[in-house]
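In what follows, a structure is listed as structure tokens, so that the remarks can point back to it.
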Amino acid sequence: MSCVFCGIAAGTEPASVVRDAGEVLAFLTTAPVNPGHVLVVPRAHATGLADLPPETGAAIWRLAHELAVALRADPGWSEGVNLHLSDGAAAGQHVFHVHLHVIPRRADDGLRITDERHEPPSRAELDDVAARLRQLAERGMSQRGDDVSAPK
């Protein structure tokens, strides 16, 4: 199966490119929330975050940051910006090539990113989840060879 974002990165699929930053590329999505809605993708295929080298992830973030700052600099483009990345089908990922959405926002655009389905968790529940996530992160860093004992 071919990957449309790999085709865009290779120049074999059409795209409205906003910025080419070498290992990462930014182009307009064909399904924008608002005008100026950009996707930032790595040139090399990575299905999900676990497949993405940390340096490439940092390059994606840098380019997204640059674009978000540019959008916010002109109130005609946006009053705010959302950065959104879905990792996996359960998270809503539809194109299985890592991509970070840079979404210009207006107060009246109708998009809502909220969850009012649940009561807020207690501090004890939050602390328990934080401890479990710390263990998972430390295990992942150890598997990659990162020094988990040294503060970052």
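Structure above, values below:
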item: Filtered residue count, region 2-16, keeping only those that are touching a His at 6+ places or on another chain (Cβ under 8 Å) and modelled with pLDDT under 95; result: 0
item: Flag if residue 94 is out of contact with any His (no Cβ under 9 Å at 6 or more places or on another chain), open to solvent by less than 80 Å² (accessible area, probe 1.4 Å) and either among the small types (Gly, Ala, Ser) or closer than 30 Å to residue 72 by Cβ (or both); result: no
item: Selection from region 50-61 of residues that are assigned to a helix (DSSP H, G or I) and loosely packed, with under 13 Cβ neighbours inside 10 Å; result: 50, 54, 55, 58
item: Residue satisfying condition, being touching a residue at least 24 places away in the same chain (Cβ under 8 Å) and either over 24 Å from residue 137 (Cα atoms) or open to solvent by 60 Å² or more (accessible area, probe 1.4 Å) (or both), within set 31, 46, 21; result: 21
item: Condition broken by residue 131, with the remaining ones in (1) open to solvent by less than 70 Å² (accessible area, probe 1.4 Å); (2) closer than 20 Å to residue 8 by Cβ; (3) of a type outside the set (Ser, Thr, Tyr); (4) not in a loop (DSSP other than H, G, I, E, B) satisfied; result: (2)
item: Pairs, first modelled with pLDDT under 85 in region 126-144, second outside any helix (DSSP H, G or I), C-beta under 7 Å, six or more apart; result: 141/148; 142/148
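The values are calculated or read from the model by the stated rules, or taken from the named source; none is laboratory data. On a predicted model such as this, the values are computed, not experimentally measured, just so you know. Heads up, the Cβs are rebuilt from the backbone with ideal geometry, glycines too, and the neighbour counts pull from every protein chain shown. Just the protein is used for accessible areas: all its heavy atoms, side chains included, with ligands, DNA and RNA removed. Shrake-Rupley method; radii C 1.70, N 1.55, O 1.52, S 1.80 Å.
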